[in-house]
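> First the structure, which I've put down as structure tokens, then a few questions once you've had a look.
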Amino acid sequence: MESAPAIQRLLDELERMPGVGPKSAQRIAYWLLNADRETAMRLADAIIEVKDTVHFCSRCFNYAEGDTCEICASKSRDERTLCVVSEPRDISAIERTSAYRGLYHVLGGALSPMEGIGPDDLKITELMARLATEDIAEVVLATNPNVEGETTATYLARIIKPLGIQVSRLASGLPVGGDLEFADEVTLGRAIEARRTL
């Protein structure tokens, strides 16, 4: 059965969103059709507002509504520790842990020679400028534990260490509640390498 043109256009736009397939697009579209006009307008207004007001922080490249993001503007953060992440969404994940109180720097991706993404395509020049002008004692490399993330972390460690700044990497290993028999060799190997004394 063919949808009305307006519904089909909505479905097409929803399906362009990451993680939204045809069935999810249908559920969202039909929810919107059944919602009152005010609900649909609140959603539309929120989308327009975020597109009009949110941009990248001039210091760390996190999402911000002002010139700098809330983390960079905060006086309660440890300004001597800098956590380097690939994307702004990585900051949200780390912040949820409440285990890190330093500043961040968002690269805007990860090195991927296969996809043609090199150092000049990321915010590495800006990172090096921050390390030259800010009093940073430690850089925590929090890129993803995949090929691109590891390549990026290795590259950054190589260019940061000569500056005399401590460089650390997020530990990777077994998830809490996981069983050893189901762990892949790479994860288990990393867990063994990152073991700590009790």
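> Criterion first (in contact (Cβ under 8 Å) with a residue 12 or more places away in the chain, in the same structural domain as residue 134 (by TED's automatic domain parsing), surrounded by 13 or more Cβ atoms within 10 Å (Cβ to Cβ) and on the phi > 0 side of the Ramachandran plot) does residue 102 satisfy it?
no
So that you can scan it fast, the table gives a plain yes or no per residue for (1) under 19 Å from the mean Cα position of the chain (by Cα); (2) at pLDDT below 95; (3) more than 17 Å from residue 60 (Cβ to Cβ):
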{"position": "134", "(1), (2), (3)": "no, no, no"}
{"position": "146", "(1), (2), (3)": "yes, yes, yes"}
{"position": "155", "(1), (2), (3)": "yes, no, yes"}
{"position": "187", "(1), (2), (3)": "no, yes, yes"}
{"position": "196", "(1), (2), (3)": "no, yes, yes"}
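> Regarding residue 114, is this residue assigned by TED's automatic domain parsing to the domain that holds residue 85 and either loosely packed, with under 13 Cβ neighbours inside 10 Å or in contact with a helix residue (DSSP H, G or I) (Cβ under 6 Å, 6 or more places away or on another chain) (or both)? Break it down stepwise before answering.
Details: assigned by TED's automatic domain parsing to the domain that holds residue 85: yes; either loosely packed, with under 13 Cβ neighbours inside 10 Å or in contact with a helix residue (DSSP H, G or I) (Cβ under 6 Å, 6 or more places away or on another chain) (or both): yes.
In short, yes.
> For residue 67, work out the one condition from (1) assigned to a loop (DSSP other than H, G, I, E, B); (2) surrounded by 13 or more Cβ atoms within 10 Å (Cβ to Cβ) it doesn't fulfil.
(2)
> Select from the range 121-132 the residues that are more than 19 Å from the chain's Cα centre (by Cα) and not basic (Lys, Arg) and list them in ascending order.
Filtering the range 121-132 for residues more than 19 Å from the chain's Cα centre (by Cα) gives 128-132.
Selection gives 128, 129, 131, 132.
The values are calculated or read from the model by the stated rules, or taken from the named source; none is laboratory data. Keep in mind that what you see is a predicted model, and the values were worked out from it rather than measured. All Cβ positions, glycine included, derive from the backbone under ideal geometry; neighbour counts span all protein chains shown.
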